[in-house]
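Below is one structure; the comments refer to it alone.
The values are calculated or read from the model by the stated rules, or taken from the named source; none is laboratory data. All values derive from a computational prediction rather than experimental measurement. Glycine also receives a Cβ, built like all others from the backbone with ideal geometry; neighbour counts cover every protein chain displayed. The accessibility values were calculated without ligands, DNA or RNA, using every heavy atom of the protein model including side chains. Shrake-Rupley method; radii C 1.70, N 1.55, O 1.52, S 1.80 Å.
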Amino acid sequence: ASAQFQLAVPVAVVFAPGSVPGDLPRPLPFRDVQEMEISVNLRTSITSRYETVYRSTTAQEEAALDVATAREADAALHLLQDASLGALTVYVVPETSSHLPQGINVYVGKHRSALVRAGGGLATLRTRLQQLTQVMSFTASSIAAALSDRLPDGQLGPDARRHLKSSLGYEITFSLLNPDPKSHAVDWDIEDAVNRYVQPVLDKLSLVANFSVDSQILYYAVLGVTPRFDKESSSFLLSAHSLPHVINPVEARLGSSAASLYPVLNFLLYVPERSHSPLYIQDKDGAPVSTNAFHSPRWGGIMVYNVETPASPQASLPLHVDVDMVRVMEVFLAQLRLLFGLSREELPPEFLLESPGNEGLADWELDRLLWAHTVENIATVSTTLTSLAQLLDKIGNIVIKDDVASEVYRAVTSAQSAMAKLAVGHLHSAFQASKEAVTSSERAFFDPSLLHLLYFPDDQKFAIYIPLFLPMAVPILLSLAKIVREARQRKKEPTKMD
């Protein structure tokens, strides 16, 4: 099915006193629309519309900008701007402004706004604005990754298949693997760590999907690869090419994905047994990985946690180990961001990005996720309904119940509504409509009454019924033929006259 997406991004460009370029085409305030085509493939076209309003600062905004640092300005301005999802506000400050450090021309805050140094004329400003919208809303590659199912593999970048597919929910499982409980008694305060580090991120992502978190400790669970001993460092090494083989044996023990409706993200903390300690992970070039962890696209991540060997050989076993959860959670949160495609991309050197702090992701990063997921959801609905239509075409005598029909209508209406909302820049309602469309289309597609196994193809019907009816039909047909023959015979014979 073909789809024409229009993604409208409302942008406000606000000039602080002394920052208005001399070559503006019209006096402030004025509107300007710029369109860009994102080429996906022949069946899917995407137009991004940046609907920009240029205006001067209000008295309140001026007061908010009258602070020492960009971070303080970002916090003060956050209370005054358009907080709707997907909208961007860019404050243009004079070239000599002390808000931005030396050499930095663009500061991206942790909400939905940025500070930009004026710098010359309108052309320079436009270039910076274009770079900024690519960072804060979506890029051709992020939309292409969302539509990866519709693209041939050759067109996709290496990251496109790394991100999790859009889903209504995700299950996160933290597992502690202790293969050698005789030597190590490992304690980890996972509940406190989840509340402190993971929950703020999930609260922020709750708009995107529902999350459930659980944890487990698995004993005697070993990695599927025997590490190599390195004499020089007297440690054990896992090389990059052996990492894919580590997951399968462990996954058999995890047992969480079998009963789950939603994608499961696995985060594993592995405490190596004494006979393989310390254990380090090497990258492709043979250098040690600083985090001693690796991640697997769309699956999760594993971190190796080495235990200090006791100084005296007489130390009583098992050794008591308290896991440093701060170090572990830093790694797992970085992996979580990678799985959701929230990793920070390479930026021009004059850009400065504010760290999102305790929340784990900035508001504009959430918007980036929503743009991609909305487009992906609509594409999924289109594919699901096309598959359903093909199935119904194949089976002529299929019965479509009213509730299935209404789910299909609802899916189509919601998807059209999501497309319309995207075209006017209402990202939040577009995303909600796209989620409803996915739910309805899946309900229709997986309805038990539409199982094609319930309906036999015509050739199978003949194959089943001929052996049953043929033996009975033969004597009946023979006797019918005999009756017809006798009737003809009777007609031919002249009747005897007395």
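Restricting attention to the stretch 207-233, the residues that are open to solvent by less than 70 Å² (accessible area, probe 1.4 Å), in a loop (DSSP other than H, G, I, E, B) and over 19 Å from Gly300 (Cα atoms) add up to 3.
Check Leu268, Leu261 and return the single one that is modelled with pLDDT of 90 or more and touching a Gly at 6+ places or on another chain (Cβ under 8 Å). Only one candidate passes the filter, namely Leu268. Taking residues in the stretch 230-256 that are touching a residue at least 12 places away in the same chain (Cβ under 8 Å), and partners anywhere that are part of a helix (DSSP H, G or I) and of a type outside the set (Ser, Thr, Tyr), the pairs with Cβ atoms closer than 9 Å and at least 6 places apart or on different chains are Phe236/His276; Leu238/Val246. Does at least one position in the stretch 77-94 carry a residue that is buried (at least 16 other Cβ atoms within 10 Å of the Cβ), in a helix (DSSP H, G or I) and at pLDDT 85 or above? Within the stretch 77-94, one or more residues are buried (at least 16 other Cβ atoms within 10 Å of the Cβ), in a helix (DSSP H, G or I) and at pLDDT 85 or above.
When Gln416, Gln390 are checked against the criterion of being surrounded by fewer than 10 Cβ atoms within 10 Å (Cβ to Cβ), within 36 Å of the chain's Cα centre (by Cα) and either of a type in the set (Gly, Ala, Ser) or in a helix (DSSP H, G or I) (or both), Gln390 stands alone in meeting it.
Scan the stretch 419-432 for residues that are part of a helix (DSSP H, G or I), open to solvent by 10 Å² or more (accessible area, probe 1.4 Å) and either closer than 22 Å to Ala405 by Cβ or touching a residue at least 60 places away in the same chain (Cβ under 8 Å) (or both) and jot them down. If the condition is that a residue be part of a helix (DSSP H, G or I), open to solvent by 10 Å² or more (accessible area, probe 1.4 Å) and either closer than 22 Å to Ala405 by Cβ or touching a residue at least 60 places away in the same chain (Cβ under 8 Å) (or both), then Met419, Ala423, His428 are the ones that fit.
Between Pro101, Pro17, Pro10, the distinction of being at pLDDT below 85 and either closer than 30 Å to Ala379 by Cβ or assigned to a loop (DSSP other than H, G, I, E, B) (or both) belongs to Pro101 only. Of all the listed residues (Ala259, Ala334), the sole one being open to solvent by 30 Å² or more (accessible area, probe 1.4 Å), under 30 Å from Ala70 (Cβ atoms) and among the small types (Gly, Ala, Ser) is Ala334. Inside the stretch 64-76, residues that are more than 31 Å from the chain's Cα centre (by Cα) and surrounded by fewer than 19 Cβ atoms within 10 Å (Cβ to Cβ) make up a count of 6.
Within the stretch 473-484, not a single residue is at pLDDT 90 or above and under 30 Å from Asp367 (Cα atoms). Of everything listed in (1) open to solvent by 50 Å² or more (accessible area, probe 1.4 Å); (2) assigned to a helix (DSSP H, G or I); (3) modelled with pLDDT of 85 or more, the single unmet condition for Arg253 is (3). Under the condition of being hydrophobic (A, V, I, L, M, F, W, C) and within 23 Å of His320 (Cβ to Cβ), the residues counted in the stretch 268-302 number 4.
Of the residues Glu345, Glu365, the single one that is of a type in the set (Asp, Glu), out of contact with any Leu (no Cβ under 7 Å at 6 or more places or on another chain) and either within 17 Å of Leu202 (Cα to Cα) or modelled with pLDDT under 90 (or both) is Glu345. Of everything in the stretch 95-119 that is within 22 Å of Pro10 (Cβ to Cβ) and charged (D, E, K, R), the residue that is most open to solvent (accessible area, probe 1.4 Å) is Lys110. Quick check: is even one residue across the stretch 43-63 touching a strand residue (DSSP E or B) at 6+ places or on another chain (Cβ under 7 Å), open to solvent by 70 Å² or more (accessible area, probe 1.4 Å) and either hydrophobic (A, V, I, L, M, F, W, C) or under 26 Å from His99 (Cα atoms) (or both)? No, the stretch 43-63 has no match at all.
Within the stretch 311-324, identify whether any single residue is surrounded by fewer than 21 Cβ atoms within 10 Å (Cβ to Cβ) and over 24 Å from Pro181 (Cα atoms), and answer yes or no. Within the stretch 311-324 (the criterion being surrounded by fewer than 21 Cβ atoms within 10 Å (Cβ to Cβ) and over 24 Å from Pro181 (Cα atoms)), the answer is no, since none of the residues qualifies.
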